[in-house]
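Let me begin by presenting the structure, written as structure tokens, before commenting on it.
The values are calculated or read from the model by the stated rules, or taken from the named source; none is laboratory data. Quick caveat, the model's predicted, so the values are computed rather than measured. Virtual Cβ from ideal backbone geometry, glycine too; neighbours counted across all protein chains shown.
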Amino acid sequence: MVSERKTCSKHVGVIGAGPSGLVAARELREEGHSVVVFEQSHEVGGQWLYNPNVENEDPLGKDTFLKVHSSMYASLRLTSPREIMGFTDFPFLVKKGRDMRRFPGHRELLLYLKDFCEWFGLRELIRFNTRVEYVGMLDYGEFGKDLRWVVRSKEEKCEKVVEEVFDAVVVATGHYSRPRLPSIIGMEAWKKKQMHSHVYRVPEPFRNEAVVVVGNSLSGQDISMELVDVAKHIYLSAEMDLGSLQTPSYIAPGISYSFPFLDTKGIVVVDDDRVGPLYEHSFPPSLAPSLSFVGIPRKLIGFPFFESQAKWIAQLLSGKKALPSWDDMMKSIKEFYHSRDADGYCDKYGDHIGFPHLEEWRKELCLSALRNADTNLETYRDSYDDLELLQEAHKSPHFTQLEPKSLPFSDPIN
Ligand SMILES: Cc1cc2nc3c(=O)[nH]c(=O)nc-3n(C[C@H](O)[C@H](O)[C@H](O)COP(=O)(O)OP(=O)(O)OC[C@H]3O[C@@H](n4cnc5c(N)ncnc54)[C@H](O)[C@@H]3O)c2cc1C
């Protein structure tokens, strides 16, 4: 006789309604948990909810709670092709009358996330305009046993702080907002314009100026390329000394992790641009699984990874799956710190919960886009030679699983 594990339902607070928080909410509810999603903005989308109103933001993003979450600039187009972006059961389809490009503008991804939210009926779980200001432990027993969480949140335009207790908290607040400033000699004394790319939106304020863009990342390169049309001179730099410069302004695009609301009594720390200790980038061993993080690693195919994390969290909380011992989790974290090996993240997660491995075409399309960007920075979003791979993708179950007729929002794949 096969004995079924007894599962239980938890009251879970999810912080953030970006891609990570939305998929976490869906998976938690699917697993039978009661879910409240706190979202400080008026809409879903996270980074993809473009916000042009940056005039009240500190130009270097030094405020504890940033006023603006999204770091998207007006002209931003995806750096990854749309085919690899979709959650596994909700492909990012081309729709007539919308931005049909393979590397569409940021608004198209926002629309995809809104579609996802409607399709799975997630809106009813979300408290909009509600910022979480404090998350702390209650009943901290041995190794997180019986652990619960106090969550204090504040609705915009209302001074009242609401305090609630949750069995578990999922942190899905993203990490592309908090500027990480470089250490540049002369920076503090610099009197001319300086801003972080978090508050950069359009090139116009830099008309006829000489500008240094510090950081040769994809956004640094994008911003430099559009400044070429308006600025007098552009310098794209990786390391610099302001004392030697006579330029009127500079932009610095580094980003860091920050959880100003989270009090774990020093158990989880951000150190050297790393959040830890986190078992499989999700669970602090002493607080697992009641505290978890979705979306922490960088440099991977994001959405399916968030989805597999969310499924695992949901199943651990219900008791369907179990974590290894504290010792084994810590050992695994130490091994990762030594190896710094980022390969196979998504597939490894899949193995924990029987989630299918990433399709080969997804990995290959990602790599071909990166290679193309490396050699054809100005044109890689519109000129590519991976059409065979693209056809393979379109014929795969990921794209054929949903009959176009049954989709309320979409037209057939182009
Ligand atoms: C310029 C730029 C370009 C990018 N291009 C790509 C790309 O081409 N492809 C790709 O895959 N990824 C790209 N990304 C990465 C992008 O961040 C991820 O795709 C994705 O948005 C991460 O989702 P998330 O839900 O983890 O975080 P986010 O999208 O950042 O969402 C976090 C949410 O949490 C909310 N929140 C934060 N703090 C609180 C609080 N205290 N209380 C309540 N709510 C809170 C925020 O308002 C937000 O809605 C890009 C990022 C940037 C900045």
Criterion first (within 16 Å of the ligand (Cβ to nearest atom), out of contact with any Asp or Glu (no Cβ under 7 Å at 6 or more places or on another chain) and acidic (Asp, Glu)) does residue 58 satisfy it?
no
Filter the range 93-126 for residues that are acidic (Asp, Glu) and assigned to a helix (DSSP H, G or I); the one that is nearest to the ligand (Cβ to nearest atom) is 108
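Give the residue that is nearest to the ligand (Cβ to nearest atom), with candidates limited to residues of the range 5-26 that are assigned to a helix (DSSP H, G or I) and touching a Ser or Thr at 6+ places or on another chain (Cβ under 9 Å). Let's see the steps before the verdict.
Here is the first cut: in the range 5-26, the residues assigned to a helix (DSSP H, G or I) are 19-26.
Filter again for touching a Ser or Thr at 6+ places or on another chain (Cβ under 9 Å), leaving 20-21, 24.
Details: 20: 3, 21: 5, 24: 9 Å.
Of everything passing the filter in the range 5-26, 20 is nearest to the ligand (Cβ to nearest atom).
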Residues that are among the aromatic types (Phe, Trp, Tyr), assigned to a loop (DSSP other than H, G, I, E, B), within 13 Å of the ligand (Cβ to nearest atom) and in the same structural domain as residue 107 (by the TED database): does the range 27-39 have at least one?
no
Kindly state which helices (runs of 4 or more DSSP H) lie completely within the range 261-369 and contain at least 1 residues that are within 19 Å of the chain's Cα centre (by Cα), of a type in the set (A, V, I, L, M, F, W, C) and surrounded by 20 or more Cβ atoms within 10 Å (Cβ to Cβ).
302-318, 345-353
For the list (1) part of a loop (DSSP other than H, G, I, E, B); (2) under 23 Å from residue 372 (Cβ atoms), I need the number of the one condition that residue 83 fails.
(1)
Scanning the range 81-92 for residues that are surrounded by fewer than 20 Cβ atoms within 10 Å (Cβ to Cβ) and within 12 Å of the ligand (Cβ to nearest atom) gives 86
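Test residue 169 against the stated conditions and say whether it is within 16 Å of the ligand (Cβ to nearest atom), touching a Gly at 6+ places or on another chain (Cβ under 7 Å) and outside any loop (DSSP other than H, G, I, E, B). Lay out the reasoning, then the answer.
Working: within 16 Å of the ligand (Cβ to nearest atom): yes; touching a Gly at 6+ places or on another chain (Cβ under 7 Å): yes; outside any loop (DSSP other than H, G, I, E, B): yes.
Here the answer is yes, as residue 169 does meet what is asked.
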Exactly one condition in (1) modelled with pLDDT of 95 or more; (2) within 19 Å of the chain's Cα centre (by Cα); (3) within 12 Å of the ligand (Cβ to nearest atom) is not met by residue 75; state its number.
(2)
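Does residue 186 satisfy the criteria of being touching an Asp or Glu at 6+ places or on another chain (Cβ under 9 Å) and on the phi > 0 side of the Ramachandran plot? Step through it out loud before you land on a result.
Working: touching an Asp or Glu at 6+ places or on another chain (Cβ under 9 Å): yes; on the phi > 0 side of the Ramachandran plot: yes.
Answer is yes for this residue.
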Tabulated pairs, the range 211-238, first among the aromatic types (Phe, Trp, Tyr), second more than 16 Å from the ligand (Cβ to nearest atom) and not in a loop (DSSP other than H, G, I, E, B), C-beta under 8 angstrom, 6+ apart or interchain:
235/210; 235/211; 235/212
